[in-house]
Amino acid sequence: MNQITYVLPEKIAAKNGDIENVGSLLKPKAVQIGLGESDVATIKGPARIVFDFGRELCGGIRILAHYITNGKPIGIRFGESLSEAITPLGVKNATNDHSPRDFSACLPQLSSLRFGETGFRFVCLDFNEGEYRIKSVLAESETEYHEIKGSFECSDPLVNEIYSVARRTLLLCLQKDMIWDGIKRDRLVWIGDLHPETLGLLYTVGGIKNIENCLDFAAAETLPSDWMNGLTAYSFWWIVVLYDYYRFTGKNDVVEKHAEYLEKLAEHTNSLIGEDGSTNFPSDFLDWPTSGSKDAAEGVAALCKIACERAAVLLRLAGKDFSAAQRAAAKLSARRRIPLSAKQAIAMRYLAFGDAPETVKTLLTAGGAKGLSTFMSYYILSAVKRTSGTKDALEIMKEYYGGMLEKGATTFWEDFDVNWIAESGRIDELPEEGQKDIHGDYGKFCYTGFRHSLCHGWSCGPIEFLAESVLGISVSDADCKKITVSPDLGNLKYAKGKFPTPYGIVEISHTADEKGAIHTSIVAPEGPEISVVGCDAEIRRI
C-alpha cells in the first residue's frame, strides 16, 4: 500500500506581487490549521509563488490556509521542471494528460486540503485577488514501502550517483500495487516497458507482487491473438518478463497460471513468421527513437526470437506444447541479416543472434553515448560490455546518464539525447537568453515539449547493467538455485553490492589489485550453488 510523507519546499524558486513573510513557508510546522496562527505568509493578489521541493515526487500538495479575505479560486500548476511549472496549458505541449497538473481550485479559510495527483518537483501558486494568510504548503509524497535488499557501490562517485538515481526513479514508479511507466504521464501498465523495471526490481527488492500483478493485468485485458498495449513487441516483452520473474523466484504457479495463454500466443506468433524468417507483424515498434524505421523491424524480430526461446522453456516446464515456440525461433534464425545503423536494433540482434562481435563493437561505440535511448540502455550497454568490455560500457553510461544529472535530474527521463546538452540549461533554472529549454524545447513523437516525462521507470537500466556486467551476477537456474559470478571492473578499483534471492541476501565484493587482478569475497546463505569465474574468491556461508 502507498504511504504518505510530508515534504517541505527546499526554497522559493520565484515570486512576485505583494507577499510578506514568505520565508515562513519553508519552516516545519504542525500539519494542522488553528485559529491563532501567527507565523504565516500574507499574500495580496495578484501574486505568484513557485516552490521547489528539491527532488521529483509523486503525489500532490497540501495547503494550510488561515484567514482569507475576498478570496477567489487560485491557480495551481505542477511541473517536473521549473519552466513547466510556470507554463500554461497548450504552450510547448503542456498538458493535463493522465492526471491534471494545471487547474484552478477553491481555497477556503481555516482549511487543510490536498490538491493534485501527479509527478512533480515544482509547484506554482497563482493568487488572483483577495488577501490570503497561508501557514504551509507541503508536498504529500506517495510511495510504496518495499525493503531495499539489493545495492551497488564502487570507486567512481558518478557511477554511484547514477545507480542511486536509477533506483529512486524505479521505486517512485511502484504505485497502487502495480508498476507504472511514469508518475506524471503514462500512469499505466505498459507491459513492454516493464522488462527493464522488472530486472531492476529483482536486483533491488526481489520478486515483489507488483510484477506478478502487471503480468496478470496485461494478460487479462488482451486476447492471445491480439497484442498487449496494441504493440506486437509488447506481447514478446510479456514473455520475457514472465521468464525472468520465474528465473529469479522459481514461482511455478505463475507460469502454470499463464501457460495456456502463452501456448496460444506462441502459436499465433509462429503463424506470422515465414520459413525464411520474414515476419508479418502488424507493428514493428521497438522504441520511440527508432519508430518507423527498418532497424526497428529487425530489432523486433530479434526480440521475438529471444521471447520464443524463453516461451519454449516455460511451456515445457508447464507440460504444454512448446513446438510452435521452438519452430518460430528456428525460422527466425534463418532471417536474412541486413545492415543496421540504430544502436538499439544492433544490440538486440547481437543479443539474439550473436552477430560478429567486432562489427557490433565498432557500431555500438561509435559516437559514445549518441544513439542511446533510456528504454534500451540496458540492452545496448550489455552488448557493449560483451563486445568491447566494461570500461567502454561504463564510459558510455556515464556520458549518457551523467548528462541528465548535469541538467539537474533527480530521476531519469522518458528519453534523452546527448545532443541536447550543449545549447540547453538546467531543469531547475529558467533558460537564459539564447539557451534552449531542455524540457520545453526538445522531445519527439508523443513526448514533445512539456509532455515529456522526467521520471520514467524504463530508464532504470543501470541497475541491472551494473549488477550483471560489473558485479558479474548471472542467474542460470530457476529460483536462483545456480548463480555464477564473473566480475569485470573495467577501470574501477572496487565494486560491491547485495543481491536478494529467495534464500536470502548474497553479498559480493570485488577489489582490483595493482596488476588488475580481481579478488572476490562472497557472503551467501545456504541454498544457491555459487560458482566464480575469472578471479580468486572466498565464499562464506551464513
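Values in this text are rule-based calculations from the coordinates and carry no lab data. Predicted, not measured: the structure shown is a model, and the values here were computed from it. Cβ sites come from the backbone with ideal geometry, for glycine too, and all protein chains shown count toward neighbours.
Across the range 212-224, computed HN-Hα scalar couplings (Karplus, 6.51 cos²θ - 1.76 cosθ + 1.60, θ = phi - 60°) run 5, 4, 5, 4, 5, 4, 5, 5, 5, 9, 9, 6, x Hz from first to last residue, x flagging Gly and Pro. Annotated for the range 2-144: lysine pairs at least 8 residues apart or interchain, Cα distance under 24 Å, count 17. Calculated from the alpha-carbon coordinates, the range 202-286 shows an Rg and a Dmax of 13.7, 42 Å respectively.
In the chain, the inverse of the mean reciprocal separation of distinct Cα atoms equals 24.8 Å; this is its Kirkwood hydrodynamic radius.
A DSSP coil position with no more than 14 other Cβ atoms inside 10 Å describes the following trypsin sites (Lys or Arg not before Pro) in the range 122-204: K176. Estimated from helices alone, the mean residue ellipticity of the chain at 222 nm is -10000 deg cm²/dmol (sum of -39500 (n - 2.57) over DSSP H runs with n ≥ 4, per residue). For the chain, averaging the sequence separation of C-alpha pairs within contact (under 8 Å, six or more residues apart) and dividing by the residue count gives a relative contact order of 15 percent. Computed from backbone phi with θ = phi - 60° and the Karplus coefficients 6.51, -1.76 and 1.60, the 3J(HN,Hα) list for the range 152-162 is 8, 8, 8, 7, 9, x, 5, 4, 4, 5, 4 Hz; x is used for glycine and proline.
Could you work out the local net charge near K257, counting Lys and Arg as +1, Asp and Glu as -1, over the other residues with Cβ closer than 10 Å to its Cβ? Charge balance in the 10 Å sphere: -4.
Remark: spin-label model distance L26-D253 equals 5.3 nm, labels positioned 7 Å along the Cα→Cβ axis.
Partners of K149 within straight-line reach, counting aspartates and glutamates whose Cα lies under 12 Å from its Cα and excluding those fewer than 8 residues away in the same chain: E507. Reachable lysines from K398, Cα under 19 Å, same-chain residues fewer than 8 places away excluded? Counting by Cα, and skipping residues close in sequence, K398 has these lysines nearby: K343, K361, K370, K385, K407, K493, K496. Along the chain, the exposed loop sites are GluC sites (Glu not before Pro) outside DSSP states H, G, I, E and B with at most 10 other Cβ atoms within 10 Å, and the longest stretch free of them is 276-431. Placing one equal scatterer on every Cα of the range 80-227 and applying the Debye formula, the log10 ratio I(q)/I(0) at q = 0.11, 0.12, 0.14, 0.15 Å⁻¹ is -0.60, -0.70, -0.88, -0.96. Stokes-Einstein diffusion of the range 1-76 at 4 °C, 1.567 mPa s viscosity, Kirkwood radius from Cα pairs, rounded to a whole number: 92 µm²/s.
By how many degrees, between 0 and 90 and to the nearest 10, does the Cα long axis of helix 194-204 differ from the longest principal axis of the chain? Approximately 90 degrees, to the nearest ten. For the Cα trace of the range 306-444, dividing Rg by the Kirkwood Rh returns an Rg/Rh value of 1.11. Working value for the range 389-492: equivalent-ellipsoid semi-axes of 34, 16, 9 Å, each the square root of 5 times a Cα gyration tensor eigenvalue, largest first. For the range 277-295, list residues with backbone N below 20 Å from a point placed 7 Å from the Cα of F353 toward its Cβ? Residues 277-287, 290-295 fall inside that zone. Every Cα-Cα pair in the range 2-144 was counted, and those over 27 Å apart are 13% of them. Under 27 Å of direct C-alpha separation, and excluding same-chain neighbours fewer than eight residues apart, K320 reaches these lysines: K209, K251, K257, K264, K305, K331, K481, K482. The chymotrypsin sites (Phe, Trp or Tyr not before Pro) of the range 66-147 meeting both criteria, a DSSP state outside H, G, I, E and B (loop) and at most 16 other C-beta atoms within 10 angstrom of the site's C-beta, are Y145. Principal-axis analysis of the Cα atoms of the chain puts helix 377-388 at an angle of about 40° to the longest axis. If you take all other residues with their beta carbon under 10 Å from the beta carbon of E84, and give Lys and Arg +1 and Asp and Glu -1, the sum is +3. What value does the range 473-541 have for Rg/Rh, both radii from Cα atoms and Rh as Kirkwood defines it? When Rh is taken as the Kirkwood radius, the ratio is 0.97. Loop-located trypsin sites (Lys or Arg not before Pro) across the range 377-454 with a Cβ neighbour count of 15 or fewer within 10 Å are K444, with loop assigned by DSSP.
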